[in-house]
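These notes concern the structure reproduced below.
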Amino acid sequence: MDASQIENWAFSRTDAAALTGITSAQIGNFVSKYDLFPGRPKGQGFHISFRLRELMKLAAAQALVELGLRPEQAAMALRGIQGPYGAMLHDGYNALGHCPGTIAFTRNFDGRWIAADGLDKPASLQIRAWPIFDEMWPRLRALILKEGVSEPRPYPGDVEEGLAAFEKKIADIRAERWRDHAPTA
């Protein structure tokens, strides 16, 4: 099993609620009512599953709600952007002072919160991807280990080998993105 299989492991709505700490009903609202994932089939009769990328976007949407945005504002801000997992994988420390994997949001001319290129606006919010991942990963890992030994197996290959490969990939990305800016615990 390789690292990409861990990234693409599919979780049910119930599992997503346990992994993110968001209620199943609120997940349903983010998916159907607020269209956090445009282009996905929605509505009655569609089974929906979530992968790591979507789980992190759900957690980021909830974090924006906890910062005071309404759920529809949070979903709109995150809709159509790479999201926290993409930011974690691709965005390094930058000259504006963003920590790696940080998405800044600011109000648009019409009052909507949108992803911003910088923090030069008078009001901005930031979502940091690494803490979202770090907080969710132990639960995600445990569930993958549990499901990985079930019959029939959801993915071919050794799940522990896949987890080790994925964790190495994440450690390499973390080292590259943070370089000498790593936070101290």
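Observations, loosely collected:
- The percentage of C-alpha pairs in segment 134-178 whose separation is greater than 15 Å is 49%.
- About the centre of its Cα atoms, the chain shows a dipole size close to 560 debye [charges on the beta carbon of Lys, Arg (+1) and Asp, Glu (-1) only; nearest 20 debye].
- Rg then Dmax, both in Å and based on the Cα atoms of segment 1-69: 12.2, 41.
- Counting 0.36 nm for each residue step from SER124 to ALA25 and taking away their Cα separation leaves a gain of 32.8 nm.
- Here, P(r) means the percent of Cα pairs in each 5 Å bin from 0 to the largest distance; for the chain it is 1, 8, 16, 19, 19, 16, 12, 6, 2, 1, 0.
- Estimated inter-spin distance, HIS90 and ASN108, nm [label 7 Å along Cα→Cβ]: 1.9
- Taking every C-alpha pair closer than 8 Å and separated by at least 6 residues, the mean separation divided by the residue count of the chain gives a relative contact order of 25 percent.
- Note on GLU176/ARG51: beta-carbon distance plugged into 1/(1 + (r/R0)^6) with R0 of 35 Å gives a FRET efficiency of 0.95.
- Rounded to the nearest Hz, the phi-derived 3J(HN,Hα) couplings of segment 102-114 under the Karplus curve 6.51 cos²θ - 1.76 cosθ + 1.60 (θ = phi - 60°) are 9, 10, 9, 10, 9, 7, 7, 4, 9, x, 7, 7, 9, where x marks glycine and proline.
Each reported figure results from applying straightforward, stated rules to the coordinates on display, with no laboratory input. Predicted model only: the values in this text are computed from it and were never measured. Note that each Cβ is placed from the backbone with ideal geometry, even for glycine, and that neighbours are counted across all protein chains shown.
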